[in-house]
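Asker: I'd like to ask you about the structure that follows.
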Amino acid sequence: MAKLFINEKNKKGHINPEIYGHFAEHLGRCIYEGLYVGEDSDIPNVNGMRKDVVDALKEMQIPVLRWPGGCFADEYHWKDGIGPKENRKKMINTHWGGVVEDNSFGTHEFFELCDQLGCKTYVNGNVGSGTVQEMSEWVEYITFDGVSPMADLRKENGREKPWKIDYFGVGNENWGCGGSMTPEYYANLYRRYQTYVRHYDNAAPIKKICGGPNVADYFWTEGVLKTCFAPPQPNNIPNGYMDGLSLHYYVHPGGWENKGSATEFDDAVWYTTMAKALYMEELIERHGAIMDQYDPEKKIGMIVDEWGCWFDVEPGTNPGFLYQQNTMRDALVAAVTMNIFNKHCDRVKMACIAQMVNVLQSVILTEGPKMILTPTYHIFHMYKHHQDAALVESCIEGNKMIGVDEACQVPLLGESVSVDKEGCVNVTLANLSVDEDAPVEMSFMELAPKEITAAILRGEMHAHNTFDEPEKVKKEAFDAYEVKDGKISFTAPAGSVISFRIH
Ligand code: AHR
């Protein structure tokens with residue numbers, strides 16, 4: 001029996017809602033078909049946005065959306081995506097399948113989507129192939145409330161009032177697809193470009209995100225911070241040059257060259273996938289240790305704005321579209337990763353899973369007018385109560401290491417616990433085993449549980465939803481627990497995730 005101890009009195013930090021963020025890129029069928037179908041489509045839509053998808057995302061509670069890329073961001077020229085649609089320039093989406101991008105989804109459409117979703121906005125600018133002026137004018141176009149060339153252009157295009165940019169990314173993966181730069185070169189460009197990301201509304205300053213490392217590139221983190229970190233400036237900008245530093249990390253069990261199938265894998269590959277998901281914690285701690293040297297008060301957020309499983313594309317689909325299925329394995333990866341983010345909420349201030357619809361570890365897949373929710377969707381739904389809550393102390397006694405071979409062992413159970421503003425205790429617990437059910441006894445410092453609601457996501461490890469069988473994996477109510485002497489006892493089935501809300 002594993003014992004989960006919860007000290008609900010020991011609050012350890014605030015879980016920024018943006019940790020549960022998402023990412024929409026002009027890639028494959030993410031934007032077009034997945035989110036945006038146009039006003040003339042037969043698929044029910046509101047101002048061109050798919051109603052079924054928007055409704056499902058709202059129900060999941062999406063706090064922030066990053067757009068337009070990804071690699072696409074450093075090739076995107078925002079002026080191509082404004083004005084009458086018939087006049088918008090067409091371009092080749094060179095990164096993603098070489099297809100024609102008709103720019104019918106641009107700035108106005110992005111803000112319309114965020115408005116419908118009720119989420120914050122994270123716009124990613126172009127450093128790789130764009131100019132400082134272009135970036136500066138984009139910010140002016142979106143946020144300036146007055147008379148200026150760009151504000152006037154926005155008004156001509158039908159939008160009188162400015163929008164709000166909550167976060168602005170200055171380039172994406174500038175060590176790779178965003179310009180193949182060295183850290184020193186990018187860092188100097190970052191300082192220059194971010195200067196012109198103006199705070200036109202001082203009451204709502206834009207949070208600037210500096211392009212951070214890929215996986216374990218500590219050299220990049222050090223190199224960029226050395227040049228870009230500045231202690232608080234006397235000009236209203238709390239953190240000098242940046243508010244956040246990004247980190248990208250994808251799980252591909254077979255490595256970059258041989259990512260493996262999304263739906264066909266054996267036990268060994270399952271555990272490799274779990275071990276690679278758990279590696280996120282080491283990345284946060286080691287990059288975080290470098291950040292601590294510059295920013296011991298943790299004013300700069302670690303922004304994990306691309307994460308998730310990246311497998312081979314579904315057979316028969318365009319390799320450039322990165323369309324993959326999503327099984328219970330993805331659900332466990334999401335659960336494990338979000339428990340890690342919660343536990344590191346002192347440093348991790350935002351994370352965006354890639355990508356929201358029809359691409360890598362998506363929460364929604366579509367096929368024509370049909371839509372399915374993936375197992376990962378249900379995990380986000382179960383974890384949504386952690387948003388804006390306080391992380392509290394928790395630990396598991398009697399946890400053990402499991403796996404099919406000695407070289408790749410992972411803990412049987414993983415958890416995170418928070419207390420929300422109503423005083424409700426939220427527990428999310430994952431059983432990482434393919435075949436071992438785990439008896440658990442949960443106890444609290446003072447809380448005597450009165451009202452409990454719980455949900456479970458479970459299924460055979462390859463289980464996934466399809467357009468023919470859309471509800472094979474879905475969240476269900478969980479009542480197989482007993483409460484005695486203030487303790488809650490239950491068995492966490494193999495390969496499952498359970499969430500509790502306890503008053
Ligand atoms: O998510 C797919 C791609 O992965 C993104 O466009 C890029 O930033 C990363 O390399």
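The values are calculated or read from the model by the stated rules, or taken from the named source; none is laboratory data. Because the structure is a prediction, the values reported are computed rather than measured. Positions of Cβ are generated from backbone atoms using ideal geometry, with glycine treated the same way; all protein chains shown enter the neighbour counts. Surface accessibility is based on the protein's heavy atoms, side chains included, excluding ligands, DNA and RNA. Shrake-Rupley method; radii C 1.70, N 1.55, O 1.52, S 1.80 Å.
Asker: For the stretch 109-212, what class follows from the C-alpha gyration tensor (a ≥ b ≥ c being the square roots of its eigenvalues): rounded when a/c is under 1.5, otherwise prolate if a/b is larger than b/c, else oblate?
Answerer: Prolate, because a/c is 1.5 or more and a/b exceeds b/c.
Asker: Give me the net charge for the shell around residue 270: Cβ to Cβ below 12 angstrom, other residues only, Lys and Arg +1, Asp and Glu -1.
Answerer: Every neighbour counted, the sum reads -4.
Asker: Per the Cauchy relation, a quarter of the hull surface: what is the mean projected area of the convex hull of the alpha carbons in the stretch 11-128, in nm²?
Answerer: Its average projected convex-hull area is 8.4 nm².
Asker: In a solvent-free Debye calculation with one equal scatterer on each Cα, what is log10 I(q)/I(0) for the stretch 326-415 at q = 0.12, 0.17, 0.22, 0.25 Å⁻¹, listed in the order of the q values?
Answerer: Log-scaled intensity ratios, in q order: -0.48, -0.87, -1.17, -1.29.
Asker: Oh, and also: Once you charge only the Cβ atoms, +1 for Lys and Arg and -1 for Asp and Glu, what is the size of the charge dipole of the chain about its Cα centre, to the nearest 20 debye?
Answerer: 1260
Asker: Can you give the net charge of the other residues whose Cβ lies under 14 Å from the Cβ of residue 470, counting K and R as +1 and D and E as -1?
Answerer: My count for the surroundings of residue 470 gives -1.
Asker: When all alpha-carbon pairs of the stretch 430-503 are counted, what percent fall beyond 19 Å?
Answerer: Counting pairs separated by more than 19 Å, the tail of P(r) holds 42 percent.
Asker: Quick one: grab the alpha carbon gyration tensor of the stretch 373-425, order the square roots of its eigenvalues as a ≥ b ≥ c, and give me rounded if a/c is under 1.5, else prolate or oblate depending on whether a/b is larger than b/c.
Answerer: Oblate.
Asker: Along the Cα→Cβ direction, 7 angstrom out, place labels at residue 153 and residue 192. What is the inter-label distance in nm?
Answerer: Result: 2.1 nm between the two label points.
Asker: Can I ask one more? Under a 1.4 Å probe, what is the accessible area of the stretch 16-388 per residue, stated in Å²?
Answerer: Per-residue accessible area for the stretch 16-388 comes out at 35 Å².
Asker: Once all Cα-Cα distances of the stretch 408-457 are split into 5 Å bins that start at 0, what whole-number percent is in each one?
Answerer: Over the stretch 408-457, the share of Cα pairs per 5 Å bin runs 4, 13, 27, 23, 16, 10, 6, 2, 0 percent.
Asker: Sort the following peptides by mean Cβ neighbour count (other Cβ atoms within 10 Å, averaged over residues), highest first: 367-377, 397-407.
Answerer: The peptides rank, most packed first, as 367-377, 397-407.
Asker: Still on this structure, I have one more. In nm, give the distance between the simple-model label positions of residue 406 and residue 435, each being 7 Å from the Cα along the Cα-to-Cβ direction.
Answerer: Rounded to a tenth, the inter-label distance reads 2.1 nm.
Asker: The stretch 60-174: D in µm²/s via Stokes-Einstein (Kirkwood Rh, Cα pairs, 37 °C, 0.692 mPa s)?
Answerer: The estimated diffusion coefficient comes to 225 µm²/s.
Asker: Moving on. Rounded to the nearest 0.05, what FRET efficiency do residue 453 and residue 258 give with R0 = 45 Å and r taken as the Cβ-Cβ distance? Could you check?
Answerer: The value I calculate is 0.60.
Asker: Using only the alpha carbons, work out the radius of gyration and Dmax of the stretch 380-503 in angstrom.
Answerer: So, for the stretch 380-503, Rg and Dmax equal 15.3, 48 Å respectively.
Asker: Return the Cα extents of the stretch 167-278 along principal axes one, two and three, sorted largest first, each rounded to a whole Å.
Answerer: 57, 30, 21
Asker: Going by accessible area, probe 1.4 Å, with all protein chains left in place, what is the ranking of 144, 168, 219, largest first?
Answerer: In descending accessible area the options line up as 219, 144, 168.
Asker: Further, regarding this structure: Choose one of 493, 371, 359: the residue whose Cα lies farthest towards the positive end of the charge dipole of the stretch 357-503 (beta-carbon charges +1 Lys, Arg; -1 Asp, Glu; about the Cα centre).
Answerer: Comparing the listed Cα positions along the dipole, 371 ranks first.
Asker: Can you list residues from other chains, or at least 5 along the same chain, whose modelled amide H is less than 5 Å from the amide H of residue 301?
Answerer: Here the answer is 244, 245, since their amide H atoms fall under 5 Å of that of residue 301.
Asker: If each residue of separation counts as 0.36 nm, what is the full-extension length gain between residue 87 and residue 202 once their alpha-carbon separation is subtracted?
Answerer: 37.9 nm
Asker: Shifting gears a bit: Round to a whole number: what % of the accessible area of the chain belongs to carbon and sulfur, probe 1.4 Å?
Answerer: C and S atoms contribute 50 percent here.
Asker: Per residue and in cubic angstrom, what volume does the convex hull of the Cα atoms of the stretch 16-388 have?
Answerer: 128
Asker: Okay, next question. May I ask you to list the residues of the stretch 92-128 whose amide nitrogen lies under 18 Å from a point 7 Å from Cα along the Cα→beta-carbon direction of residue 180?
Answerer: In the stretch 92-128, the label zone of residue 180 (backbone N under 18 Å from the point 7 Å along Cα→Cβ) covers 94-96, 127-128.
Asker: Taking H placed 1.01 Å from N in the peptide plane, check which residues at least 5 places from residue 344 or on another chain put their amide H under 5 Å from its amide H.
Answerer: Here the answer is none, since no amide H 5 or more places off falls under 5 Å of that of residue 344.
Asker: Where Lys and Arg each count +1 and Asp and Glu each count -1, what net charge lies around residue 23 among other residues with Cβ under 9 Å from its Cβ?
Answerer: That works out to -2.
Asker: Additional query: Among bridges DSSP assigns within the chain, what percent are antiparallel (round to 5)?
Answerer: 60
Asker: May I ask you to order 332-342, 5-15 by the average number of other C-beta atoms within 10 Å around their residues, highest value first?
Answerer: Peptide ranking by packing, descending: 332-342, 5-15.
Asker: In nm², what is the average projected area of the convex hull enclosing the Cα atoms of the stretch 278-317?
Answerer: Projected area, direction-averaged: 3.9 nm².
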